[in-house]
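Report on one structure; see the data block that follows.
What follows draws every value from the coordinates through simple rules; no lab data is involved. Just so it is clear, the structure is predicted and the values come from calculations on it, not from any experiment. Using ideal geometry, Cβ is built from the backbone for each residue, glycine included, and neighbour counts are taken over all protein chains shown.
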């Protein structure tokens, strides 16, 4: 595992570098309190998953990827692309300014862009997979049993959920209302179909059948 400076946060040993510190403050400025707590929990869960499973990884990449993965998830988001892609561009620019080379910057981009696509993210590089796993543990409980109940309680106690389910649902519904074209091929579509009156996603079957070729 990385040999950089570390500190303990909510009982978890995490990287403590200037860039990680700036990412924490950047996330705090851009995210509502409930969302800031979510991204920190996602980071801590990702770190613990790596520790439990002895997964070698770049600690700064996992830290920044999780901390900045939701900077565009809010009720003012206006696109034009899906919120994960817009956020990935912002996160990559952030780490480029912080001195990341292009390989590490691309890992950040992938971690953010794929944060809601675990069917892909979990099978990419260790850093991307860990970001995905930490985020999914906090949002949908994926691999919840990997971390002890006492550790989870401590993390949630220090960074409480603050009605995350309700608040996050409002954000997804806002995106489905205002930018439905950015939701058709990601999980936000489910929120549109469940909660947004008049929302209707086009069918991939129609796209295939209507392609401008004879066969």
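Before moving on, here are some points about what is shown:
- The Rg/Rh ratio of the chain, with Rg taken over Cα atoms and Rh as the Kirkwood radius over Cα pairs, comes to 1.00.
- Inter-label distance for residue 25 and residue 150, nm, one decimal - labels placed 7 Å from Cα along Cα-to-Cβ: 3.6
- Each residue in 172, 36 was given a count of other beta-carbon atoms within 10 angstrom of its own, and listing them fewest first yields 36, 172.
- The chain: calculated mean residue ellipticity at 222 nm from DSSP helix runs of at least 4, using -39500 (n - 2.57): -18500 deg cm²/dmol
- Under 14 Å from the residue 89 label point (7 Å along Cα→beta-carbon), backbone N, segment 50-73: 72
- Averaging the Cα positions of each part gives two centres, and for segment 65-87 and segment 118-166 these lie 18 Å apart.
- Sorted fewest first by neighbouring Cβ atoms within 10 angstrom, 200, 177 come out as 200, 177.
- Footprinting exposure proxy for 168, 209 (fewest neighbouring C-beta atoms within 10 Å first): 209, 168
- Entry note, the chain: relative contact order of 22 percent, from Cα contacts under 8 Å with a spacing of 6+ residues.
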